[in-house]
C-alpha cells in the first residue's frame, strides 16, 4: 500500500496558505499602520505649516497696520488737530513726511463735530488715472481736500494739489458739498469708542474709487472730532 502522499501535500498546502495569509495580514497591518502614521504626520505637518503661515501673515498684517494705528494715536493728541480744521496746515509737513515714509497710507483725515473736514491724499507713480479723475494735474504727489463753512454757514469744499516738493500745482475755487464726515462709519465708530483706535471693515472710499479700511481715534478739544 502506497503512502498517502497527497494528504501530506494537501496539509502542506494548507499550512503554507495559512502562513501566507498570516504574512499578508501582518504586511497589510504594517502597511496600514505606516499609512496611518504617514497620514497623521502629513496632517501634523500641514497643521504646523498652516499655523506658521497664519503667524507670518498676522505679523505682516500688524507691521502693515502699525503706521495707521500710530497716525491715529499721534494726531488724536495733537493740539493743532484739536484746534479745528483751520489749524491743520500747521502740521501738514509732518503729515506729508509720514505718508512718504508709509507708502501704503493713502489718506489721513480729520472730521469735526461742526462738519468741517481736512483730508490729505498721497499718490504713487501708478495713480495717474486716479489723480486725473480727482481733478489733479500731471505731477500731483499730494492732494488736500478741505470742507468748511463760509460766512453764510454754507459748507464748501476746496481742493489743492501739490507736487513731490510740496509746491502748489493747482487750487480749485470753493464749491458746495454734501459730504459730511459725521455720517461716516469711521467717525461714528470712533466717537462711540473714544478710548480705542477703531478699525472699519473694507469699504469704498467716498471721494476716490479705492477700496480700503480706516483706523480712527476720537479726540476732544475746542471742537470734538475724530482722526
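Tabulated data for the structure shown
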{"read-out": "Every pair of residues 6+ apart whose Cβ atoms lie under 6 Å, when the first sits in the range 203-219 and is closer than 21 Å to residue 192 by Cα while the second is surrounded by fewer than 15 Cβ atoms within 10 Å (Cβ to Cβ)", "value": "213/202; 215/69; 218/194"}
{"read-out": "Within the range 71-99, tally of residues that are surrounded by 16 or more Cβ atoms within 10 Å (Cβ to Cβ) and in a loop (DSSP other than H, G, I, E, B)", "value": "2"}
{"read-out": "Among residues of the range 181-202, those that are in contact (Cβ under 8 Å) with a residue 40 or more places away in the chain, part of a loop (DSSP other than H, G, I, E, B) and out of contact with any helix residue (DSSP H, G or I) (no Cβ under 8 Å at 6 or more places or on another chain), counted", "value": "1"}
{"read-out": "Segments classed as strands (runs of 3 or more DSSP E), wholly inside the range 100-180, with at least 2 members that are crowded, with 20+ Cβ neighbours inside 10 Å", "value": "107-112, 117-122, 142-149, 155-162"}
{"read-out": "Qualifying positions in the range 203-227 - under 18 Å from the mean Cα position of the chain (by Cα) and either assigned to a strand (DSSP E or B) or at pLDDT 90 or above (or both)", "value": "203, 204, 211, 212, 214, 215, 216, 217, 227"}
{"read-out": "Residue 155, sole failed condition from (1) in contact with a strand residue (DSSP E or B) (Cβ under 9 Å, 6 or more places away or on another chain); (2) over 24 Å from residue 185 (Cβ atoms); (3) at pLDDT below 95", "value": "(2)"}
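The values are calculated or read from the model by the stated rules, or taken from the named source; none is laboratory data. None of these values were measured; they are calculated from a predicted model. A quick note on method: Cβ atoms are made from the backbone with ideal geometry, for glycine too, and the neighbour counts reach across all protein chains shown.
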